[in-house]
1. Just a yes or no: is a residue in region 255-272 surrounded by fewer than 24 Cβ atoms within 10 Å (Cβ to Cβ) and more than 24 Å from Ser370 (Cβ to Cβ)?
2. Looking only at region 155-210, which residues are free of Cβ contacts under 8 Å to residues at least 24 places away in the same chain and under 21 Å from Val223 (Cβ atoms)?
3. How many residues are surrounded by 13 or more Cβ atoms within 10 Å (Cβ to Cβ) and part of a helix (DSSP H, G or I) if we restrict to region 12-24?
4. I'm checking my understanding of the structure. Among residues of region 382-396 that are in a helix (DSSP H, G or I) and touching a residue at least 24 places away in the same chain (Cβ under 8 Å), which one is surrounded by the most Cβ atoms within 10 Å (Cβ to Cβ)?
5. If you check every pair at least six apart or on different chains, which have Cβ atoms under 6 Å apart with a residue in region 312-334 that is closer than 19 Å to Asn282 by Cα and free of Cβ contacts under 8 Å to residues at least 24 places away in the same chain first and a residue that is surrounded by fewer than 22 Cβ atoms within 10 Å (Cβ to Cβ) and of a type outside the set (D, E, K, R) second?
6. Report the residue count in region 130-159 for those that are in a loop (DSSP other than H, G, I, E, B) and closer than 15 Å to Ala231 by Cβ.
7. How many residues does region 178-196 contain that are among the hydrophobic types (A, V, I, L, M, F, W, C), at pLDDT 85 or above and assigned to a helix (DSSP H, G or I)?
8. Going by the conditions given, is Ala84 of a type in the set (A, V, I, L, M, F, W, C), more than 30 Å from Asn415 (Cβ to Cβ) and surrounded by 16 or more Cβ atoms within 10 Å (Cβ to Cβ)?
Amino acid sequence: MHLLHGIFGVAGLLGLAFLFSENHRAIPWRVVFAGLGLQVALAVLLLKFPPAGAFMAALAHGVGALDRATEAGTSFVFGYLGGAPLPFAPNGQGSSLVLAFQVFPLILVIAALSSLLFHWGIMQRIVAGMAFVLRRAVGIGGALGTGAAVNFFVGMVESPILIRPYLAQMQRGELFALMSAGMAGIAGSVMAIYGHILGPVLPEAFRHVLTAAFISAPAAIAVAAILVPFAPRVEADAPIVIADPPRNALEALARGTNDGVTILVNVLAHLIVLLALAALVNSMLAALPELWGAPLSLQRIFAWVFWPLAYLIGIDAPDLDAAARLLGVKTTLNEFIAFVDLAATPASALSPRSRLILTYALCGFANFGSVGILVGGLSAMAPERKHDVIALGLRALAAGTLASLMGGAVIGAMN
């Protein structure tokens, strides 16, 4: 029954995309079905094939080692605020976890390591391998193939920077597919953070977050090809362009650390502002008459929208209200807040299967705040494509959301 429900869910999500397609006759169905097939194949390979499972477990162990290594640095610099033993006995009120000092500094370590791996040419080889798979399996290449592949390691704005010279020549549908892949994916710098957050409530959390990131790109390309069709171009992958590359490993580490500081500050600032604005809007909505015995809120309104979608991806019936609320939080605020809420949701409110499905469905940057970030970044990188980028912003949000939900439906069918 779970398998049938999963097939029904994926078909329903693709049907929803088809309903809002710009040009039904121009849809490249080979790209759509190949992207869907690659998503399913990767999920089965990474979760059910023992050698691949061992590789993912080793990779997850490595991410966990980075987490522990980062804690050693934060404990030394920030003391008990950074994870060192408390100098006093806790009284049971509140939490000793300080996100800014214990969780987010992992961004600095991963940003520095990524910069070093790019300097050594290791990351380029990994991206080239992933782009090769997309080209042979899905039928896309060039800048889109490279941009979609590199999106696994960097964020939705950083990946277009690496292929910036090619943005002006991309087809409108290819540009949209690149934007959609950015919305559906998550950056390597925050991937480990989500595994850290979910670790206490989800077995093998790092492995599942990594898998969700892997399978998001082909799903995003499949959905994007339906919403804004493009003519596939199987060509050589575009080389990654790094302006003013570092001259040695130490400079690469220094630049990566500086870039990580920028990302860290931006994440903290956006988190504070988004939570404040959501609280402000909710306080205004609360002044309205109650509806069905409870005050209105942003999360509640979007939960109504996501309730049928939560059912579609296979969430167990008793968990639909809680799941829809979390999906609403992810879209109105961001996925980090949704993951924190998911980790805090008691076992009585979500079954292990529903929690697993939600891990995949929430794993993506698709939210209203990200639309502004993506549109602003791409408009600055390619001013001649500004009108296309602005027009496609909300559609990219929809495509990224559908792609993440497809990941949840696929995992639900397998469990």
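The values are calculated or read from the model by the stated rules, or taken from the named source; none is laboratory data. Every value quoted in this text rests on a predicted model; they were computed, and no experiment measured them. No Cβ is skipped: glycine too gets one built from the backbone with ideal geometry, and neighbour counts run over all protein chains shown.
1. Yes, region 255-272 contains at least one residue that is surrounded by fewer than 24 Cβ atoms within 10 Å (Cβ to Cβ) and more than 24 Å from Ser370 (Cβ to Cβ).
2. The one that is free of Cβ contacts under 8 Å to residues at least 24 places away in the same chain and under 21 Å from Val223 (Cβ atoms): Ser159.
3. Matching residues across region 12-24 total 6.
4. Only one residue tops the list, namely Ala396.
5. Qualifying pairs under 6 Å: Ala324/Trp307.
6. Summing the residues that are in a loop (DSSP other than H, G, I, E, B) and closer than 15 Å to Ala231 by Cβ in region 130-159 gives 4.
7. Of the residues in region 178-196, 5 are among the hydrophobic types (A, V, I, L, M, F, W, C), at pLDDT 85 or above and assigned to a helix (DSSP H, G or I).
8. On the way: of a type in the set (A, V, I, L, M, F, W, C): yes; more than 30 Å from Asn415 (Cβ to Cβ): yes; surrounded by 16 or more Cβ atoms within 10 Å (Cβ to Cβ): yes.
Judged against the criteria, Ala84 is a match.
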